Amino acid sequence: MTHATNLIGWSHTVFGKLDAPDVETLMGEVALAALADADVAPKDVDAIFVGVYNNGFSKQSFDAALVGSACPELAYVPATRMENACATGSAALYAACDFVESGRGRVALVIGAEKMTRASRAEVNDILLGASHQRTEADFGSFAAIFGELARGYGARYGDQSDTLAAIAAKNHRYGVDNPYAHLRKDLGLEFCSQVSEKNPLVAGPLRRTDCSLVSDGAAALVVADAATSRHRLCSIGIRSRSHANSPFAVAARRDPLFFDGAATAFRGALESAGLTLADLDLLETHDCFTQAELMQYEAFGLAEPGHGHRVVEEGVTARDGALTTNVSGGLKSKGHPIGATGVSQHVMAAMQLSGEAGAMQLDHPARAAVFNMGGAAVANYATILEAK
């Protein structure tokens, strides 16, 4: 199959508390590395699309210009910054795809990055809360509290889900051990994730620390190319379809706050555009900012009816040997969640699997992968279907 846009190269830093002093340094680490992986010279890049959330993590703004500052070879390439909360990286990728598909250029460089760990916990909470609807949700005090309320409401309607959430956390941390880029490469085990303890305290509502993603630094990059440029590449992953859908910003304004309808629309749209069903997918990289999010996404994607997402875990659907292996990279839970880098990173992880370059994470000959990345509490929703040549 000929794809209008393809991923022909990528690079990825380790995620975690990094020595890199700023976003400029992080972007410099991945920009030229991705081009080298794609065998593309800087002079052949037609545009750069940058994903950085920032919102107070740094006083340095104008993030798109930082690429050329870090890499003088790219200083004259048109560069644009995208921002869409935790879906910032996917917003940058989709803009690059639009650019290439429109015929305005043949090759685009996508970079997602964030430097978060220099901020205090209170500052991180305040900065991230900017991606909530301030008029109705600021009083929650943190994004964890917003998802904690979703978990509390879900449990009140469908029954206590603590064991299911712990199983999701344990699964993703177990997989993260094999990911050399992951922030926390430690198998925490189901027992630890299940229990409230001094090392695993309650954070918000029923959510424990192990139910919450990590505050991380990191960057990732992708090279997007048109069909002609990709045709003779040894490594080329096709973007078979993609879909972007939104839900009302304020969670309370939705028809049902306990169902991610925007996520459902985006995921269904990507499948329909590709002419595929869930059964045609081999793996899924999804946005587990909190374990409650992954649970609700199972239902939004059609893996289970509302209130029955626990069955997906109990039946091993998302396990490594299951029907739809989910977050074999460790997900945001283990890999980390540097906001602007996350969407790009998810696509890199899926592309590595499809190209057979995933090392210890590698599944057995996957042909198609889905990637889901969301901004805010499932406000901006991006679903992509990637396909091996």
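See the values below:
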item: Residue within region 318-330 that is in a helix (DSSP H, G or I) and not hydroxyl-bearing (Ser, Thr, Tyr) present; result: no
item: Count of residues meeting criterion [in a helix (DSSP H, G or I) and either open to solvent by less than 10 Å² (accessible area, probe 1.4 Å) or acidic (Asp, Glu) (or both)] in region 278-299; result: 10
item: Residue that is within 30 Å of VAL30 (Cβ to Cβ), in a loop (DSSP other than H, G, I, E, B) and either open to solvent by less than 20 Å² (accessible area, probe 1.4 Å) or in contact (Cβ under 8 Å) with a residue 40 or more places away in the chain (or both), where the choices are TYR175, TYR181; result: TYR181
item: PRO306 being at pLDDT 95 or above, open to solvent by 10 Å² or more (accessible area, probe 1.4 Å), touching an Asp or Glu at 6+ places or on another chain (Cβ under 8 Å) and closer than 27 Å to ALA131 by Cβ; result: yes
item: Cβ-Cβ under 9 Å pairs, at least 6 apart or on other chains, region 358-369 side open to solvent by 50 Å² or more (accessible area, probe 1.4 Å), far side part of a helix (DSSP H, G or I); result: GLY359/MET352; ARG368/ALA274; ARG368/ASP280; ARG368/LEU354
item: Residue within region 42-59 that is open to solvent by 10 Å² or more (accessible area, probe 1.4 Å), in contact with a Phe, Trp or Tyr (Cβ under 8 Å, 6 or more places away or on another chain) and not aliphatic (A, V, I, L, M) present; result: yes
item: Selected residue [at negative phi, touching a residue at least 12 places away in the same chain (Cβ under 8 Å), open to solvent by 50 Å² or more (accessible area, probe 1.4 Å) and in contact with a helix residue (DSSP H, G or I) (Cβ under 8 Å, 6 or more places away or on another chain)] from ARG208, ARG242; result: ARG242
item: Which numbered condition ALA263 misses (of (1) part of a helix (DSSP H, G or I); (2) closer than 24 Å to ARG209 by Cβ); result: (2)
item: Check on ALA219, part of a strand (DSSP E or B) and buried (at least 20 other Cβ atoms within 10 Å of the Cβ); result: yes
item: Condition broken by ALA156, with the remaining ones in (1) under 24 Å from SER216 (Cα atoms); (2) surrounded by fewer than 18 Cβ atoms within 10 Å (Cβ to Cβ); (3) not basic (Lys, Arg) satisfied; result: (1)
item: Positions within region 1-57 being free of Cβ contacts under 8 Å to residues at least 12 places away in the same chain and of a type in the set (A, V, I, L, M), in sequence order; result: ALA41
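The values are calculated or read from the model by the stated rules, or taken from the named source; none is laboratory data. Everything numeric in this text was worked out from a predicted model, so none of it was measured. Counting neighbours? That spans all protein chains shown, and the Cβs are built from the backbone with ideal geometry, glycine included. Accessible surface is based on the protein model in full, side chains and every heavy atom, while ligands, DNA and RNA are left aside. Shrake-Rupley method; radii C 1.70, N 1.55, O 1.52, S 1.80 Å.
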